[in-house]
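Below you'll find the structure, written out as structure tokens, and then a few comments.
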Amino acid sequence: MEKQAGAAASSPRSPPASFLDPFTKLTNLLRTVDEEPKQLDASQEDAHKFVGEIWHASFGEAGVLIPTEHKAFHDALKAARTEENDWYEIYAYALDIFRRRQKKELDATEAAKDRGALVEKRREYIIKLGAFQEQASAIDHYLRESPSAS
């Protein structure tokens, strides 16, 4: 959209709640996970949900940005979302297997192997969440600074 002629200079503004709420929740969750990665085990479904909400608020049917007009943002966020989605499935599966196997009596070697596999998948998923959040942060900045963002 074009800025109207004669309009006053635009001051920074807040993105719509449909974007800002899940963006803020994901950012806060990542801060918590940065300090204690195991916290993600209880919050992984929420994290994945926030990613979907941010995507739809950005480029969905009622999204704040039009994909063809914001191609670089669209393509970067879509790529980050695809990576997050793939690693969410891998991590969620590893977490499920880990939880099920913990109910069995495993020897120390098996238990350590299971935990190591889960830690690796969790670590990679956190990286993918961070990459998505970084792309969403660029959109947040754009929405706050651009007078014609929405």
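Derivation of every value follows stated rules applied to the coordinates shown; laboratory data play no part. Keep in mind that this is a model prediction, so the values were computed, not measured. So basically every Cβ, Gly included, is an ideal-geometry build from the backbone, and we count neighbours across all protein chains shown.
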Charge dipole (the chain, unit charges on Cβ, about Cα centre) - positive-most of THR32, PRO67, TYR125:
THR32
Hand me the GluC sites (Glu not before Pro) from region 38-133 located in a DSSP loop with no more than 12 other Cβ atoms within 10 Å, in residue order please.
GLU61, GLU69, GLU105
Alpha-carbon radius of gyration plus Dmax, which is the widest Cα pair, for the chain in Å:
19.0, 74
Given a cut-off of under 8 Å on Cα pairs at least six residues apart, what relative contact order in percent is computed for region 17-145?
32 percent
For region 61-150, run through the trypsin sites (Lys or Arg not before Pro) and keep only the ones in DSSP coil with at most 16 other Cβ atoms within 10 Å of their Cβ.
LYS103, LYS104
Do the alpha carbons of any pairs in LYS49/LYS113; LYS38/LYS121; LYS103/LYS128; LYS38/LYS78; LYS25/LYS121; LYS25/LYS71 sit beyond 20 Å of each other, and which pairs?
LYS49/LYS113; LYS103/LYS128; LYS38/LYS78; LYS25/LYS121; LYS25/LYS71
